[in-house]
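Read the structure below first, then the notes.
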Amino acid sequence: MKIETIAIHEGNKSDSSDKAVIQPITLSTTFERGRDGNYPGGHIYTRASNPNRTSLENVVAKLEQGTDAAAFSSGNAAGSAVFQALEPGSHIIAPEDMYHGLRNLLKQVYAGVLEVDFVDLTNQSLVRESVKENTKLIWIETPSNPLLRVTDISGICSIAKEMNVLVCCDNTFATPVFQLPLNLGADLVMHSSTKYMGGHSDVLGGILITKELTPFWSKIRDVQTLSGAVPSPFDCYMIVRGIKTLPYRMRGHAENARRIASFLDAHPSVDKVYYPGLVQHEMHEVAASQMSDFGGMMSFTIHGSEEKARDTASKLKIFTQATSLGGVESLVEHRASVEGPDTKTPVNLLRLSVGLEHIDDLIADLDQAL
Ligand SMILES: *Cc1c(COP(=O)(O)O)cnc(C)c1O
């Protein structure tokens, strides 16, 4: 089946006796045993599994063309499960511009447990040189947040294979609609389903997808069900609901983003536009080879100071000044001030999460603010 059909049907297992078309939310934390002591419904206790979570995991595993998926209460909890599944003392190679929440997780919570080097993943010889005896994982994030840098997934995965290192790819920005890292050699994919999958800025979630059922995947399952950072049945229902329109929403986001990128690129107040769909983007060719479209996220720098950038953001009326991304409504964010003092993000940079409003209204809004 094609992605639109999978998105609508795969996460909808309705077996209720009242023939509901949409799978109901199963709030029960516990499930009845049969007389033989087995569990005929396939579930025991909701921390271990729940019908709504199983449906979410099934649809996302299919969308990413993986074998299995494990859902978590947030994107960071999903990332954390991968780190927890590694042996203590393992070395991780992570992108130098890793999503700052995961970067801080590694630096603050896993300090002393895991070794991490933050490396420029667009430099493949540097990645190769950074692999050590205890390197167990390379973490990719592409396109990256907020500079929209693009990592060559196949290139990094072939180095990793050679060195016997796992690769996990944060696919939050691209979504499986535009990029399938498991088909490019990654072992695991991670999402903040808070973003495009949920799609409406009203539910937090994270998910991991595996290419194969390996012992490492079993450890991740153990971390999920024993640590218990699992999403509620309602959260799972909301994300499954969002996923039904994901392919259509992504096309709309990408189309609006393409138009805005061209508009900003031609605007005299704009210094540089960071959008992998622009042919002048440094990594456009790599992006075009591994993505079927370029998504709805972009950043741009403004001629002038931090104050000028913040002032422009505050003048926008349709774009709301807020963090996060991937919702139907457009957001703008002064990223450096969110990321803190050790950020490499330019202070005159604004990040846009381009929503699904009419393109003419979005461009008019940017025009009046600039
Ligand atoms: C938001 C985000 C995360 C973290 O997800 P949460 O759901 O906020 O925990 C990880 N990676 C990327 C690229 C993100 O945008």
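The values are calculated or read from the model by the stated rules, or taken from the named source; none is laboratory data. Please read all numbers here as calculations on a predicted model, not as lab measurements. Backbone-built Cβ (ideal geometry, glycine too); neighbour counts: all protein chains shown.
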Legend entry - Pairs, first more than 12 Å from Lys195 (Cα to Cα) in the stretch 243-254, second surrounded by fewer than 24 Cβ atoms within 10 Å (Cβ to Cβ) and not β-branched (Val, Ile, Thr), C-beta under 6 Å, six or more apart: Pro247/Glu4; Gly252/Leu356; Ala254/Asp293
Inset, instruction - Would you tally the residues in the stretch 286-313 being among the small types (Gly, Ala, Ser), surrounded by 16 or more Cβ atoms within 10 Å (Cβ to Cβ) and under 25 Å from Phe178 (Cβ atoms)? - result: 5
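Listed here are the residues, each with its yes/no results for (1) over 18 Å from the mean Cα position of the chain (by Cα); (2) in contact (Cβ under 8 Å) with a residue 60 or more places away in the chain.
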residue: Ile138; (1), (2): no, no
residue: Ser144; (1), (2): no, no
residue: Ala160; (1), (2): yes, no
residue: Met163; (1), (2): yes, no
residue: Asp170; (1), (2): no, yes
residue: Ala174; (1), (2): no, yes
residue: Gln179; (1), (2): no, yes
Inset, instruction - Would you point out the residue of the stretch 1-23, among those that are of a type outside the set (D, E, K, R), in contact with a helix residue (DSSP H, G or I) (Cβ under 9 Å, 6 or more places away or on another chain) and loosely packed, with under 14 Cβ neighbours inside 10 Å, that is nearest to Gly66 (Cα to Cα)? - result: Met1
Inset, instruction - Please specify each residue of the stretch 109-138 satisfying the condition of being within 15 Å of the ligand (Cβ to nearest atom) and loosely packed, with under 15 Cβ neighbours inside 10 Å. - result: Val109
Inset, instruction - Being in contact with a strand residue (DSSP E or B) (Cβ under 8 Å, 6 or more places away or on another chain) and among the β-branched types (Val, Ile, Thr) is the filter; apply it to the stretch 189-207 and report the residue that is nearest to the ligand (Cβ to nearest atom). - result: Thr194
Legend entry - Unmet criterion (only one of (1) among the small types (Gly, Ala, Ser); (2) within 23 Å of Thr26 (Cβ to Cβ); (3) not assigned by the TED database to the domain that holds Phe178) for Ser227: (3)
